[in-house]
Amino acid sequence: MKIAFVGKGGSGKTTLSSLFIRRLAAIGAPVLAIDADINQHLGAALGLDDADAAALPAMGDRLPLIKEYLRGSNPRIASTETMIKTTPPGAGSRLLRVREENPVYDACARTVELDGSVVRLMVTGPFTDADLGVACYHSKTGAVELCLNHLVDGRDEYVVVDMTAGSDSFASGMFTRFDVTFLVAEPTRKGVSVYRQYKEYARDFGVQLRVVGNKVQGQDDLDFLRAEVGDDLLVTVGQSPWVRAMEKGRPPRFDALEDANRHALDLLRSTVDAAYEGRDWERYTRQMVHFHLKNARSWGNERTGADLAAQVDPGFVLRESVTATA
């Protein structure tokens, strides 16, 4: 199951995504965690010190390797140079699975131990001084989108993505890649502004959007969120001594997390698990192709000198039962 955490900067989306990852790890679930925010904080939220977090391999720096592996023997892709962030898989493409070992994970993923459990962590990579004036930060997140396009996940497998802050998540089709999107909102006008933008833009794409109210301190905060987001409000969380200790770099064992917050995380998980029965792989593939053709027309064909519409395999549908090439 693919899960996105979104929200405005400072809403607490990275903190909530890290808590959700920790909760999944605590029950022994296989987890692939991806930091797709240019402001790279997920590693630190999962307990890495500054040096280890800074040493995580950037997916954006390993894009040629990612493309070469995913291309496989797909005859519709003439070369890796013609692959863009939205290139969809087809017959002959190599696919990624959550529990496997592969060259992409070898190059880009690192294991993080959480109270005896282990999760895989991948990061987009920060926007650096070398990128200023020559690169758009969306080019960094392209590696994440390409991997998600080729990733097959099943029941009780979790891919948790900490997304770019604000409405910048709509700069590509990546916002349609998820079974459930959790929007973290504070009980303020600014806190719910991103919700309104997300709700409006995602309306036509079948995005399952649920709101997690964060930093809720009383009934007035709760009433405000209910009035602003209605039935999309799933759960709220308040102040947490455990989180405060984590943010100081001294997290207790996760089983010491407050009962109310642990129950909130369990509600997130049950919401994700319930979405499994509603998976629509045909729509998922169709949306993937839609954004690829859109990018091809707007910039991809000119950039690569190729007709990228020819990369679309009309008979291919990404699904759990699809067989990847060797």
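Structure summary
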read-out: Diffusion constant of the stretch 1-84 at 10 °C, which comes from Stokes-Einstein with the Kirkwood Cα-pair radius and 1.306 mPa s, µm²/s; value: 104
read-out: Top of PRO241, PRO88, PRO187 by mean-square fluctuation, Gaussian network on the chain, Cα under 10 Å; value: PRO241
read-out: Chain lengthening between ALA309 and ALA54 when straightened (0.36 nm per residue, less Cα-Cα); value: 88.0 nm
read-out: Mean separation of Cα contacts under 8 Å, 6 or more apart, over the residue count of the chain: relative contact order %; value: 28
read-out: The stretch 285-326 - Kirkwood radius from inverse mean 1/r over Cα pairs (Å); value: 11.5
read-out: In the stretch 216-305, the trypsin sites (Lys or Arg not before Pro) that fall in loop regions by DSSP, at most 13 other Cβ within 10 Å; value: LYS248, ARG253
read-out: Positive minus negative residues near ARG279 (Lys, Arg vs Asp, Glu; Cβ under 13 Å); value: -3
read-out: The chain - convex hull of the alpha-carbon atoms, volume per residue in Å³; value: 131
read-out: Along the chain, longest interval not containing exposed GluC sites (Glu not before Pro), exposed being DSSP loop plus at most 13 other Cβ atoms within 10 Å; value: 102-319
read-out: Cα-centre dipole for the stretch 137-244 with unit charges at Cβ (Lys and Arg positive, Asp and Glu negative), debye to 20; value: 240
read-out: Estimated FRET transfer efficiency (SER73, ASN102; beta-carbon r; R0 22 Å; 0.05); value: 0.90
read-out: Kirkwood Rh and Cα Rg combined as Rg/Rh, the stretch 256-326; value: 1.23
read-out: Long-range Cα-Cα pairs in the stretch 195-285 (distance over 20 Å), rounded percent; value: 52
read-out: When each of LYS8/LYS85; LYS199/LYS248; LYS85/LYS199; LYS2/LYS294; LYS2/LYS67; LYS8/LYS67 is checked by Cα-Cα distance, pairs over 27 Å; value: LYS199/LYS248; LYS8/LYS67
read-out: Size of charge dipole - the chain - debye, nearest 20, with Cβ of Lys, Arg +1 and Asp, Glu -1, no other charges; value: 460
read-out: Most positive-pole-ward Cα, GLY300, ALA245, THR188, against dipole of the stretch 152-303 from beta carbon charges; value: GLY300
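Read-outs throughout are calculated quantities, based only on the coordinates presented, and are distinct from any laboratory measurement. A quick note: this is a predicted structure, and the numbers were derived from the prediction, not measured. Here Cβ is always computed from backbone atoms with ideal geometry, including for glycine, and neighbour counts include all displayed protein chains.
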